[in-house]
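I have placed the structure first, in the form of structure tokens, so that the comments after it can refer back to it.
Laboratory data are not the source of any read-out in this text; all were calculated from the coordinates shown. Because the structure is a prediction, the values reported are computed rather than measured.
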Amino acid sequence: MPTCDPASLRDAISAVYRAKGATEQEAEVVARHQVAANLVGHDSHGVITTLQYVRQIDKGEIVLGAELGVEDESATTAVLTGNWGFGFVMTEQAIRLGIEKARATGTAGIVIRHQGHIGRLGAYAAMAAEHDMIALITADSGRGPKAVAPFGGRSRRLGTNPICFGVPSDLPGPVVLDMATSAVAVGKLALAQARGEAVPDGSVVDKEGRVSTDPGAFFEGGALLPLGGAHGYKGFGLSFMVEILCGLLTGLGYGVAADGRHNDGNFIGLFDVGRFREVDTFKRDVGEFVEYLRDTPPAQGFERVLYPGELEHLTEQKRSRTGIAIEDETWDDLVTLMAGLGVSPPPVREQQKVTR
């Protein structure tokens, strides 16, 4: 597997979007988010999505140069439209607006509609935590194609509907819980298929409703299952609530539109820690809480307890040193795309097995 320096990879991906007509700022934001996802180990949201975004640009589903619009606003709330621009760009701006509101009033609630894929929610939660905000962020795909069967069903009715929390702390890495409410994310299925790997039992049903470990079963007409296996009603319940916040509260609706256009709906809730506790004391308490949890004998097969977001932090540190390994199929697709756009691919540092 080719391994690239993160900065070189980011520059090359940014050049792809500029070659397609994106502004320098748009290209930088999107490439930064994609490579950051690879760095923390969420390769399903990394550079593997570049071809998807390019296809959406070509089809007019992502509008280059779009500006964030404010449809309704109060001191603590805002209803925003992304005008079909890059979701990364729009959601970063929405987070900044929410931080301003929460700093002034203590809390903020933001909804966004009509935007492209926004990638890892954890990146935005970490932004808020850096400003001493607790963040709750949820997302769905609006009335775009669905992937997940409701608990007790076998056909696709829901998105993977992620939910994310971010918390300020004095720990070395961000405290972020970022999880799909499905057993796995669709991108992880594509990644497993590209690597020739099986997926965990309880992740997928085939088109006949039979549980399968073959990621191809999903792409052949099956569906993802809600998080929780035999207790999948819990993942389904969370997904249901995300759909309410991101599909119904935003006004996007539910189901699949005739054009099948991907259309991330997004809910952001922000809470200024300083309105509740002295900030440094709160951050210290979070760190001490983590140490309390770590002070337990590890279960068999584990070295120690990790706080939410710690594994990503450790992976980021490692990959920043060793580089980002890219699956051969993804690499070949990227090189072909770049050649067609006159973009030089990033230098390959070495060939190695993927590190997780």
Through the Karplus equation 6.51 cos²θ - 1.76 cosθ + 1.60, θ set to phi - 60°, convert the phi angles of the stretch 319-326 into ³J(HN,Hα) values in whole Hz; use x for Gly and Pro. 6, 4, 7, 8, x, 9, 8, 10
Under 5 Å, built H, 5+ apart or other chain: amide partners of Gly253: Leu248
Enumerate the amide H contacts of Ser182 below 5 Å, restricted to partners 5 or more residues apart or on another chain; note that Pro and chain-start residues carry no placed amide H. Leu227
Can you give me the long-range amide H partners of Glu71? Hydrogens built in the peptide plane at 1.01 Å from N, cutoff under 5 Å, separation of 5 or more residues or another chain. Val79, Leu80, Thr81
Can you quote the Å³ per residue value for the convex hull of the Cα atoms in the chain, rounded to an integer? 140
Would the stretch 19-85 count as rounded, prolate or oblate if I go by the C-alpha gyration tensor, calling it rounded below 1.5 in a/c and otherwise prolate when a/b exceeds b/c, oblate otherwise? oblate
Cα centroid of the stretch 315-339 to Cα centroid of the stretch 238-258, whole Å: 34
Rounded to the nearest 500, what is the 222 nm mean residue ellipticity of the chain from helices alone, with -39500 (n - 2.57) per DSSP H run of 4+ residues and division by all residues? -12000 deg cm²/dmol
Integer Hz, Karplus 6.51/-1.76/1.60 couplings in order for the stretch 126-131, x for Gly and Pro: 5, 4, 5, 4, 4, 9
Take the cross-link list Lys59/Lys234; Lys20/Lys188; Lys234/Lys318 and give me the ones stretching past 31 Å between alpha-carbons. Lys59/Lys234; Lys234/Lys318
For the stretch 193-206, Karplus couplings with θ = phi - 60° (6.51, -1.76, 1.60), whole Hz, Gly/Pro x: 5, 5, 8, x, 9, 7, 10, x, 4, x, 8, 9, 10, 7
Distance from the stretch 100-136 to the stretch 276-299 (C-alpha centre basis), Å: 23
